[in-house]
Amino acid sequence: MARDPGRVLIFDTTLRDGEQSPGASLNLEEKLAIAHQLARLGVDIIEAGFPFASPGDFNAVQRIAASVGGPDGPVICGLARAAAGDIKACAEAVAPAARRRIHTFIATSDIHLEHKLRKSRSEVLAITAEMVAYARSLVEDVEFSCEDAGRSDPEYMHEVIETAIKAGATTINIPDTVGYATPAEFGDLIAGINRHVPNINEAVISVHGHNDLGLAVANFLEAVKTGARQLECTINGIGERAGNASLEELVMALHVRRSYFNPYLGRPRDSAEPLTGVRTEEITKTSRLVSNLTGMVVQPNKAIVGANAFAHESGIHQDGVLKNRLTYEIIDAQTVGLMDNRISLGKLSGRSAFRARLEELGYNLDGEDLNDAFIRFKELADRKREIVDRDLEAIVSEQVQQQGEARFQLRRVQVSCGTGLQPTATVTLATADGTELTEAAIGTGPVDAVCRALNRLAQVPNELVEFSVKSVTEGIDAMGDVTIRLRHQGILYSGHSADTDIVVAAAQAFVNALNRLVAGGQANPLHPQKAPLPVAELPRL
Ligand code: KIV
Ligand code: ZN
């Protein structure tokens with residue numbers, strides 16, 4: 001059996017693979033907020049990004065390493081292709097962390113070798129040896145992944161793994177990159193590695209997988225039974241295409257079914273010792289933070305964190321639960337931090353109470369940002385009878401979204417619409433130097449008219465591909481949360497905003513998306529798996 005950490009390590013890749021979801025790109029402040037919350041959640045490793053992708057990505061990984069990666073905090077990891085330039089940038093970015101890791105990868109399936117890398121098996125083997133050794137010369141903790149392991153020839157992959165461990169890899173990751181495996185197959189793949197790689201006991205076996213067939217979590221649980229001791233996952237399961245294995249589902253499966261999994265970790269069946277280091281009561285908060293900041297809405301029936309996950313609709317179920325919760329519930333909602341979280345903040349609450357509650361929700365705001373959020377809270381308290389955590393989250397996530405990228409600021413919106421009227425909007429935007437510009441437009445409805453007027457002012461080509469409104473809470477006085485996605489040169493940019501007036505929320509969400517487009521369009525980050533390795537970066541063989 002591979003080097004055994006004694007429990008299952010949780011490797012969170014929300015900020016790397018999760019951020020690869022179309023339209024989910026995050027700014028620095030948003031990444032820092034999520035990284036701090038992941039540390040509170042108790043994950044073992046945070047994959048903070050792909051430092052070689054762009055100066056912005058490098059900076060984000062470095063800032064997370066400096067502020068989240070303390071001696072008792074999670075290991076901070078960066079991704080690097082098996083190329084010298086990537087590995088060097090990654091080592092520099094994670095350097096400020098007390099516990100740091102380089103995660104380097106190269107594909108091992110014939111289909112990737114032939115069509116993507118255009119390399120022979122022996123070339124990939126040689127690159128693995130050279131690049132893992134190089135990474136190990138820079139940090140103690142090196143993870144190596146065989147990209148597309150799920151479709152690789154196991155015998156060849158065993159050889160690559162043995163080589164990577166000899167060169168200094170301390171964790172071996174087995175990704176089902178295209179989400180092709182089924183649970184029994186994936187379990188067998190891990191068992192085979194344990195059986196056939198002679199030096200496997202010098203490394204931790206990790207698994208990584210995508211959800212193309214909806215099997216990622218099931219595959220991982222099978223892999224735990226055959227020796228995997230690190231699970232790579234994301235909050236809400238976000239990630240490339242159908243997403244990654246979902247952290248909350250894995251953690252809760254290992255928590256609720258502990259007695260089933262205990263023997264596979266060599267523990268007595270009835271051992272009460274947790275199988276992961278995750279603080280489950282932080283799960284709901286983390287899920288909402290990630291959903292608010294990425295604009296990726298969680299489906300209502302999503303396990304563990306969906307709005308309906310703990311709701312009982314049918315009379316028979318309600319009756320049973322009232323008599324004894326265990327009749328229809330396998331998880332107490334409080335275990336995942338889902339409380340009746342109505343807060344006692346109101347019109348008369350002070351700034352310090354407001355700030356303390358925000359910190360509990362995972363948001364650290366200071367100075368002007370705190371002032372602005374506090375003003376919005378007071379305005380809302382004037383309009384809305386009761387304020388709950390979800391209202392605060394809606395206000396503050398927007399504040400974090402606007403930090404550092406507000407090229408345009410929305411000053412005024414006015415619409416006229418109704419039966420028999422041509423919907424018309426007049427909007428005023430302020431540019432970075434404070435100049436105010438006003439435009440009017442007509443549209444098919446008030447939101448269309450607002451977006452047309454904003455486009456005339458901003459003069460940034462884009463196509464609106466998504467417009468959705470959902471109510472933040474119940475009740476007629478609830479805020480409407482608007483998410484907008486804009487496409488520019490094939491890339492999606494999202495913006496969201498909440499207000500009791502949904503036309504105002506739509507205008508602000510559109511401006512937030514435009515600002516992100518302008519900031520992101522300049523950076524144009526490299527995709528770790530899709531961009532070809534630059535020839536100059538290929539190791540000399
Ligand atoms: O899905 C994948 O193969 C990856 C690797 C880079 C680990 O994300
Ligand atoms: Zn992946």
Qualifying residue in segment 76-91 (condition: closer than 28 Å to Val278 by Cα, away from ligand 2 (no atom under 16 Å from the Cβ) and small (Gly, Ala, Ser)): yes
Condition met for Thr182 (crowded, with 17+ Cβ neighbours inside 10 Å, more than 16 Å from ligand 2 (Cβ to nearest atom) and not aliphatic (A, V, I, L, M)): no
Extreme residue, surrounded by the fewest Cβ atoms within 10 Å (Cβ to Cβ), among residues of segment 278-302 that are in a helix (DSSP H, G or I) and free of Cβ contacts under 8 Å to residues at least 60 places away in the same chain: Glu281
Qualifying positions in segment 513-541 - modelled with pLDDT of 85 or more, under 18 Å from the mean Cα position of the chain (by Cα) and away from ligand 2 (no atom under 16 Å from the Cβ): Arg516
Any chance Ala228 is within 16 Å of ligand 1 (Cβ to nearest atom), buried (at least 19 other Cβ atoms within 10 Å of the Cβ), in contact (Cβ under 8 Å) with a residue 40 or more places away in the chain and more than 26 Å from the chain's Cα centre (by Cα): no
Residue selected from segment 133-186 under the condition away from ligand 1 (no atom under 16 Å from the Cβ), part of a loop (DSSP other than H, G, I, E, B) and over 17 Å from Arg100 (Cα atoms), by the criterion nearest to the chain's Cα centre (by Cα): Thr182
Qualifying residue in segment 252-270 (condition: β-branched (Val, Ile, Thr), buried (at least 24 other Cβ atoms within 10 Å of the Cβ) and at negative phi): no
Filter result (modelled with pLDDT under 80 and within 22 Å of Ser291 (Cα to Cα)) within segment 339-361: Met339, Asp340, Asn341, Arg342, Ile343
All positions within segment 92-111 that are within 16 Å of ligand 2 (Cβ to nearest atom) and part of a strand (DSSP E or B): His103, Thr104, Phe105, Ile106, Ala107
Residue list for segment 221-277, restricted to those being among the small types (Gly, Ala, Ser), part of a loop (DSSP other than H, G, I, E, B), within 16 Å of ligand 2 (Cβ to nearest atom) and under 30 Å from Asn292 (Cβ atoms): Gly239, Ala242, Gly243, Ala245
Tally of residues being of a type in the set (D, E, K, R) and part of a loop (DSSP other than H, G, I, E, B) across segment 471-504: 3
Pair list, Cβ under 6 Å, 6 or more apart: segment 193-211 residue more than 16 Å from ligand 2 (Cβ to nearest atom), other residue of a type in the set (S, T, N, Q) and modelled with pLDDT of 95 or more: Ile200/Asn194; Ala203/Thr170; Ala203/Thr171; Val204/Thr171; Val204/Gln230
Residue that is farther than 18 Å from Ala406 by Cβ, at pLDDT 85 or above and in contact with a Gly (Cβ under 8 Å, 6 or more places away or on another chain), where the choices are Ile484, Ile502: Ile502
Residues located in segment 46-55, provided they are under 30 Å from Pro274 (Cβ atoms) and either of a type in the set (A, V, I, L, M) or surrounded by fewer than 24 Cβ atoms within 10 Å (Cβ to Cβ) (or both): Ile46, Ala48
Filter result for Val160 (more than 16 Å from ligand 2 (Cβ to nearest atom) and surrounded by 21 or more Cβ atoms within 10 Å (Cβ to Cβ)): yes
Boolean, Glu386 is surrounded by fewer than 17 Cβ atoms within 10 Å (Cβ to Cβ), within 27 Å of Ala33 (Cα to Cα) and touching a Lys or Arg at 6+ places or on another chain (Cβ under 7 Å): yes
When residues of segment 112-151 are limited to those that are hydroxyl-bearing (Ser, Thr, Tyr) and buried (at least 24 other Cβ atoms within 10 Å of the Cβ), the one farthest from ligand 2 (Cβ to nearest atom): Thr128
Sole exception among (1) under 22 Å from Gly239 (Cα atoms); (2) β-branched (Val, Ile, Thr); (3) under 18 Å from the mean Cα position of the chain (by Cα) for Ile106, by number: (3)
Residue, nearest to ligand 1 (Cβ to nearest atom), within segment 1-41, restricted to residues that are of a type in the set (A, V, I, L, M, F, W, C) and assigned to a loop (DSSP other than H, G, I, E, B): Leu15
Top-ranked residue in segment 21-45 [being touching a Leu at 6+ places or on another chain (Cβ under 7 Å) and farther than 23 Å from Gln399 by Cβ; ranked as surrounded by the most Cβ atoms within 10 Å (Cβ to Cβ)]: Ile45
Options Ala107, Ala83, Ala97, Ala89: the member that is within 16 Å of ligand 1 (Cβ to nearest atom), farther than 27 Å from His158 by Cα and of a type in the set (Gly, Ala, Ser): Ala89
Unique match (being charged (D, E, K, R) and within 20 Å of Ser25 (Cα to Cα)) among Glu436, Glu466, Glu474: Glu466
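The values are calculated or read from the model by the stated rules, or taken from the named source; none is laboratory data. All values reported here derive from a predicted model rather than from experimental measurement. We place every Cβ from the backbone using ideal geometry, glycine too, and count neighbours over all the protein chains shown.
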